[in-house]
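The block underneath contains the structure these notes are about, expressed in structure tokens.
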Amino acid sequence: MPGSTSGKMQQIAVAVVLATLFGLPFLLAQLGSKGEFWIWVTTEMIIMALFAVSLNLIMGFGGMVSFGHAAFFGTGAYVVALLMKKAGFGFVPALIIAPVAAAIVAAIIGWFCVRLTGLYFSILTLAFGQLLYLVVFQAYSFTGGDDGIHGIPKPEILTPVNYYLLCLVIFLLCFVLMRMLINSCFGLTIRAIRENPERARFLGVNDRRYQLLNFIIAGSFAGLAGGLFTELNRFAQTEFLHWSKSAEPILSSLVGGMFSLVGPAIGSTVLIFLKITIQQIHKNLVEVWAIILGVILLVVVLFAPEGLVGLYQKLRQRNVKS
Amino acid sequence: MTIEFFFFLLINGVAQGMLLFVIASGLSLVFGVLRVINFAHGSLYMIGAFLSCSLASLLAGASFLHFLLLLALVPPVVALLGFCVEITLFRRIYRREHLMQLLLTYALVLIFDDVVRLVWGGDIRSVVRPDLLAGSVEIMGLFLPSYNVFILIVGPIIALALWLLLYRTRAGNLIRAAVSFPQMLSALGVNVSALMTATFMLGCWLAGFGGVLMSGLATIDLGIGMEKIIECFAVVVIGGLGSVGGALLGAVIIGVGSSFIQVPLSRLAIVFPFIVMALVLIIRPWGLFGKPER
Amino acid sequence: MAHTILKVEDLHKSFGGNKVLSGVNFTVEEGELSSIIGPNGAGKTTLFNLITGLHVPTRGAIFFQGKNIAGNQPHEVVRLGIAKAFQITSIFPRLSVMDNVLAALVSHQKRNSNLLTPISRLKDVHDQAYRLLESVGLADKAFQQSGTLAHGNQKRLDIALALALEPKLLMLDEPTAGMSPEERRETVKLVQRLWEQLKITMLFIEHDMDIVFGISQKVRVLCYGVLIAEGPPAEISKDKKVIEVYLGEEL
């Protein structure tokens with residue numbers, strides 16, 4: 001029940017956050033080469049936030065854990081890489097095609113996966129994700145296999161600051177779209193299916209069809225993120241398709257909070273920040289990043305499964321009561 | 001294709017299947033009793049394989065006795081690791097929803113696989129085969145790799161041992177009861193948590209044993225854990241979770257199929273388990289041994 | 001002049017080697033409030049499940065408004081106008097009460113594929129949801145998380161979800177199961193009120209004889225998969241076969 005003060009507070013908070021996000025690159029640009037590094041990092045944070053939020057459409061709102069989301073991220077990445085490097089496409093057309101290609105891949109993989117539920121669904125997403133990884137790995141002549149595709153052209157207009165702004169705008173647009181999706185009839189249907197698929201069926205809902213649609217939508221947003229990521233780094237690698245890449249959005253959603261849209265974005269940012277910090281402390285600690293991720297996941301699962309957003313909400317409720 | 005070649009592929013396929021069965025049966029049992037699907041099962045198998053390589057170079061001998069020593073020593077170590085994992089971590093999540101259990105074992109995969117990378121490095125390990133099993137042996141006019149014949153002997157022994165355990169011992173009866181009637185057990189005064197720990201250790205032992213066998217069959221690298229867990233999933237999609245008999249059938253199908261598909265499409269041999277999974281899911285989404293929802 | 005809305009013809013169902021229903025025949029008139037009773041294991045829930053599409057009959061037909069629906073999928077049966085309230089309440093626990101009903105209404109009005117319009121803008125659906133919640137007495141709890149409702153209220157929500165589908169036939173599987181006597185009375189009053197107001201055909205399974213004989217127009221008795229008696233409550237309570245079946249139980 002929104003009181004007018006808390007509603008206004010929220011609006012002010014959002015405005016402040018947006019102002020900070022838009023002003024940040026200009027601030028960082030003043031810091032010379034260190035600044036450029038941080039602009040690069042923050043751009044990556046935005047892109048990975050998009051990736052994480054896209055998974056949450058399936059996971060937090062759809063109730064289905066996908067261990068193969070990197071398949072769509074990687075598809076988007078490779079499509080942009082291949083189109084730009086090998087077929088001479090411009091950035092904009094390539095970026096438009098990336099989510100479409102990812103949607104097609106998601107449709108194929110999703111068709112098989114939604115035929116199952118729960119455990120079996122998750123297993124299958126892992127399997128198909130790994131399958132795509134292996135296929136791309138083996139198709140050396142086409143995708144460069146283990147080496148990947150390097151030297152992707154970047155139009156001059158996309159300076160670090162401009163690219164940051166582009167990614168931010170795209171992220172915000174996608175975020176708004178996903179928000180509308182969650183609050184729509186479709187979103188409610190998906191959440192109902194998550195809560196009780198049998199009852200949803202008894203309400204006349206063909207649960208499989210809607211879950212597949214949700215899967216495809218999530219996959220396209222992931223593909224968009226992949227395309228942006230590849231242009232940021234100017235290369236595409238098989239790592240983008242590896243099962244461990246799929247772990248990142250899962251972790252982000254759990255750390256940040258699975259049941260909100262902003263939670264995964266926060267979680268993803270926190271994790272990247274953590275990684276950078278660790279890198280600064282001791283270069284070699286990055287070697288054990290997977291272990292650190294695993295331990296964080298363990299801790300969150302055991303002690304704080306509702307994530308940061310969930311904890312925040314709990315604290316707020318406690319304050320309201322007292 | 002000559003008939004000799006056909007049998008060659010068939011027998012090698014069955015041998016591969018037997019090896020897969022040893023590992024997948026562990027996964028299936030653990031699910032049947034603990035109701036947790038242990039993603040980290042593949043990692044434990046990988047740890048078994050790498051331990052086997054290290055221990056082999058430590059023992060510095062290629063006799064059959066050395067190999068038997070590996071088979072005897074490595075699986076219990078993996079089982080012990082499983083014991084630690086079960087009492088510290090698994091026990092906390094039995095009452096949680098499946099999603100959380102899945103994520104917990106997934107976290108273990110992240111940790112284990114990276115630990116293996118740290119401890120053993122990224123190099124490929126060479127095969128640990130004892131001299132006795134290095135060559136080929138002639139059986140009924142066919143020249144078969146001796147190691148595969150070895151697996152063909154050991155695999156069924158394990159299968160038989162499992163069958164005897166499950167159907168002829170009290171512990172085994174309890175395990176089967178746990179699979180079919182979990183609610184009954186505590187009512188019967190059985191120490192359910194001890195049973196679960198024991199079953200999990202058995203599952204890990206099987207994973208470790210499979211790892212040792214694999215170290216003698218092919219070169220070992222950091223990807224074998226994930227590779228194997230996916231194959232195991234294909235096995236349980238076919239055979240159903242919790243069914244050791246189903247695991248046997250599923251494993252043999254996968255093994256033989258992968259063997260034969262190498263002939264026309266060698267590069268696609270690796271995707272055979274996926275093809276099978278996809279086909280089973282189109283035709284019989286509830287698995288070959290499961291029952292349809294309606 | 002009432003006509004038949006549901007006709008069950010020679011219905012058989014076996015699960016494996018276990019024969020649960022052996023040739024059940026009956027008709028339900030439009031607008032009727034009737035019940036099915038029988039001892040445990042008689043096959044009542046299976047009968048319900050066959051009608052609502054959860055299982056496929058081994059043999060026989062189920063005619064709903066003249067069309068054979070035997071073997072249809074649950075969501076198809078729903079679209080044809082049969083709704084079920086569950087024995088074990090089946091709701092969407094983490095959604096609010098309001099969202100539960102909205103989900104049902106959205107589905108009934110085939111608006112599930114609406115991808116972008118926020119539900120909060122759909123005033124007509126919200127109004128309908130409120131009216132529905134009022135009719136089952138849950139309007140004041142609209143924003144509570146449905147999983148936290150008391151058992152009796154969850155049952156009301158369950159019924160509301162079924163009603164949201166504007167069914168022509170509402171099936172209630174043991175609507176008072178697990179309730180205190182007080183809750184039972186409330187639920188019976190609710191069912192009766194809904195029947196009088198909405199004038200839809202209702203068919204329910206019950207164990208509580210007071211309820212059955214209190215409000216049913218017609219009672220059907222199922223025993224070991226066979227219909228052994230059918231008629232108004234007064235007749236059934238005197239039927240010799242029925243008394244035998246309920247040996248010792250007070251009718």
*Counting other Cβ atoms within 10 Å, keep those with at most 16, restrict to DSSP loop, and tell me which trypsin sites (Lys or Arg not before Pro) in the range B:66-145 are left.*
B:R95, B:R96
_Percent breakdown of C-alpha pair distances by 5 Å bin, ordered from the shortest bin, for the range A:32-135_ = 3, 12, 17, 20, 18, 14, 9, 5, 2, 1, 0
*State the Kirkwood hydrodynamic radius of the range C:1-149 in Å, one decimal place, computed from all pairs of distinct Cα atoms.*
17.8 Å
_Global size of the range B:81-165 as Cα Rg and Dmax, reported in angstrom_ = 20.0, 57
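For the range C:90-166, compute Rh as the Kirkwood radius over C-alpha pairs and then the Stokes-Einstein diffusion coefficient at 37 °C and 0.692 mPa s; write the answer in µm²/s, rounded to an integer.
Using the Kirkwood radius from Cα pairs, D works out to 267 µm²/s.
For every helix of n ≥ 4 consecutive DSSP H residues, a contribution of -39,500 (n - 2.57) applies; sum these over chain A, divide by its total residues, and give [θ] at 222 nm rounded to the nearest 500 deg cm²/dmol. Intermediate results must be reported in sequence, preceding the final value.
Details: 14 runs with 249 residues, N = 322.
Result for chain A: -26000 deg cm²/dmol, rounded to the nearest 500.
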*asked:* What are the ³J(HN,Hα) couplings of the range B:178-187, residue after residue, when phi is run through the Karplus curve with 6.51, -1.76, 1.60 and θ = phi - 60°? Round to Hz, x for glycine and proline.
replied: 4, 5, 8, 10, x, 5, 5, 4, 5, 5
*asked:* I need the fraction of alpha carbon pairs in the range C:60-212 separated by more than 23 Å, rounded to a whole percent.
replied: 38 percent
*Which of the aspartates and glutamates could a cross-linker span from A:K154 if the Cα-Cα distance has to be under 18 Å and same-chain partners fewer than 8 positions apart are dropped?*
A:E36, A:E44, A:E231
*Before rounding to the nearest 500, sum -39500 (n - 2.57) across all DSSP H runs of length at least 4 in chain B and divide by the residue total; then give [θ] at 222 nm in deg cm²/dmol.*
-24000 deg cm²/dmol
*Cα gyration tensor of the range C:133-198, axes a ≥ b ≥ c as square roots of the eigenvalues: rounded (a/c below 1.5), prolate (a/b > b/c) or oblate?*
oblate
*Can you tell which of A:M45, B:P145, B:L44 lies farthest toward the positive end of the dipole of the protein assembly as shown, using +1 and -1 charges on the Cβ of basic and acidic side chains (Lys, Arg; Asp, Glu)?*
A:M45
*When we measure straight from the Cα of C:K238, which lysines land under 19 angstrom away, once same-chain ones fewer than 8 places off are left out?*
C:K218
_Convex hull (Cα only) mean projected area of the protein assembly as shown, reported in nm² to one decimal_ = 43.3 nm²
*Check the straight Cα-Cα distances from C:K123 and name the lysines below 28 Å, setting aside those fewer than 8 residues away within the same chain.*
A:K8, C:K84, C:K110, C:K141, C:K155, C:K168, C:K199
*asked:* Whole-Hz ³J(HN,Hα) for each residue in the range B:103-118, computed from phi via Karplus 6.51 cos²θ - 1.76 cosθ + 1.60 with θ = phi - 60°, x for glycine and proline: what do you get?
replied: 5, 5, 5, 5, 4, 5, 4, 4, 5, 4, 4, 6, 4, 4, 4, 5
*Of all DSSP beta bridges in the protein assembly as shown, what percent run antiparallel (nearest 5)?*
65 percent
_Given charges at Cβ of Lys, Arg, Asp, Glu: the protein assembly as shown dipole, positive-most of C:I91, C:A229, A:G118_ = C:I91
*How big is the equivalent ellipsoid of the range A:37-240 along its three axes, where each semi-axis is √(5λ) from the Cα gyration tensor, reported in whole Å from largest to smallest?*
31, 20, 12
*Rounded, prolate or oblate: which one fits the range A:1-67, using the alpha carbon gyration tensor with axes a ≥ b ≥ c (rounded when a/c is under 1.5, else prolate when a/b beats b/c, else oblate)?*
oblate
*Could you give the size of the charge dipole of the protein assembly as shown about its Cα centre, using +1 on the Cβ of each K and R and -1 on the Cβ of each D and E, expressed in debye and rounded to the nearest 20?*
800 debye
_With +1 assigned to the C-beta of every Lys and Arg and -1 to the C-beta of every Asp and Glu, and no other charges, what is the dipole magnitude of the range A:37-240 about the Cα centre in debye, to the nearest 20?_
540 debye
*asked:* At 18 angstrom or more along the helix axis (alpha-carbon based) and mean Kyte-Doolittle of 0.0 or higher, what helices does chain A contain? Whole DSSP H runs only.
replied: A:4-29, A:32-58, A:70-85, A:91-113, A:118-138, A:160-183, A:207-233, A:243-256, A:262-281, A:289-303
*How large is the Kirkwood hydrodynamic radius of chain B, in angstrom, based on all distinct alpha carbon pairs?*
19.6 Å
*Value of Rg to Rh for the range B:1-149 (Rh from inverse mean 1/r over Cα pairs, i.e. Kirkwood)*: 1.05
*Calculate how many DSSP beta bridges within the range C:147-243 are antiparallel, expressed in % of all such bridges and rounded to the nearest 5.*
50 percent
*List every residue whose amide H lies under 5 Å from the amide H of C:A85, counting only residues 5 or more places away in sequence or on a different chain, with H placed 1.01 Å from N in the peptide plane.*
C:M171, C:L172, C:D173
_Positive-end residue, the protein assembly as shown charge dipole about Cα centroid, Cβ charges, pick of C:H55, C:I5, B:L174_ = C:I5
_Cα-based shape type of the range B:109-208, given that a ≥ b ≥ c are square roots of the gyration tensor eigenvalues and the cut on a/c is 1.5_ = oblate
*Mean Cβ neighbour count within 10 Å, used as a protection proxy, ranking B:72-82, A:139-149, A:249-259 highest first*: A:249-259, B:72-82, A:139-149
*asked:* With n ≥ 4 as the cut-off for DSSP H runs, can you work out [θ] at 222 nm for chain C, using -39500 (n - 2.57) per run divided by the number of residues, rounded to the nearest 500?
replied: -10500 deg cm²/dmol
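So which trypsin sites (Lys or Arg not before Pro) in the range C:179-213 pass both tests, a DSSP loop state and at most 11 other Cβ atoms within 10 Å of the Cβ?
Numbers: sites: C:R184, C:R185, C:K189, C:R193, C:K199; in loops: C:K199.
For trypsin sites (Lys or Arg not before Pro) across the range C:179-213 that sit outside H, G, I, E and B with at most 11 neighbouring Cβ atoms in 10 Å, the list reads C:K199.
No value in this document is a laboratory result; all are computed from the given coordinates. Everything numeric here is computed off the predicted structure, so don't read it as measured data. Every residue, glycine as well, gets a Cβ built from its backbone with ideal geometry; the counts of neighbours run over all protein chains shown.
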